[in-house]
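Novice: A single structure is presented below for examination.
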Amino acid sequence: MLSHLQPLVLFGWLLLATTCFVAWRCGGRPERSGAALVLAITLGFALAGSITDKSVTRAVYLLLDGVLALGLLMLAVRHATRWLGVAVLLQGVQFSLHASISWPLGNTTTSTPW
């Protein structure tokens with residue numbers, strides 16, 4: 001119900017905000033762009049969690065994952081830094097997991113594919 005107020009979720013938000021702040025404060029242009037992108041997409045995920053229709057929520061999650069992956073890929077191609085390459089690889093894994101879980105978007109009665 002109020003999953004955004006659970007201690008583990010609040011710790012995750014604090015960790016994400018701290019990481020984005022440090023990247024914004026101490027990093028160069030690629031780090032600032034990456035921090036802004038991650039923070040914007042994370043806020044989009046938080047807002048998408050309030051949608052009542054679960055199939056629409058899963059589709060929005062998948063769309064947001066794709067936008068984050070594309071944004072990180074564009075940053076990695078433009079700036080060619082190691083941390084961006086690792087971030088793109090990890091985002092690809094997360095996108096694949098969300099896609100495999102959400103594949104039958106309209107069918108909520110089936111179990112997970114594995």
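The values are calculated or read from the model by the stated rules, or taken from the named source; none is laboratory data. All values derive from a computational prediction rather than experimental measurement. No Cβ is skipped: glycine too gets one built from the backbone with ideal geometry, and neighbour counts run over all protein chains shown. Heads up: the accessible areas ignore ligands, DNA and RNA and are worked out on the full protein's heavy atoms, side chains in. Shrake-Rupley method; radii C 1.70, N 1.55, O 1.52, S 1.80 Å.
Novice: In the range 30-64, which residues are modelled with pLDDT of 90 or more and of a type in the set (Lys, Arg)?
Specialist: The one that is modelled with pLDDT of 90 or more and of a type in the set (Lys, Arg): 32.
Novice: If we keep just the residues of the range 74-85 that are open to solvent by 80 Å² or more (accessible area, probe 1.4 Å) and part of a helix (DSSP H, G or I), which is nearest to residue 35 (Cα to Cα)?
Specialist: In this case the residue turns out to be 83.
Novice: Only one residue in 97, 39, 15, 68 is open to solvent by 50 Å² or more (accessible area, probe 1.4 Å), touching a helix residue (DSSP H, G or I) at 6+ places or on another chain (Cβ under 6 Å) and without any contact (Cβ under 8 Å) to a residue 40 or more places away in the chain, so which one is that?
Specialist: 39
Novice: Looking only at the range 42-65, count how many residues are open to solvent by 50 Å² or more (accessible area, probe 1.4 Å) and within 22 Å of residue 18 (Cα to Cα).
Specialist: Of the residues in that region, 2 qualify.
Novice: Taking the condition of being aliphatic (A, V, I, L, M) and open to solvent by 70 Å² or more (accessible area, probe 1.4 Å), how many residues in the range 18-36 meet it?
Specialist: Qualifying residue count for the region: 1.
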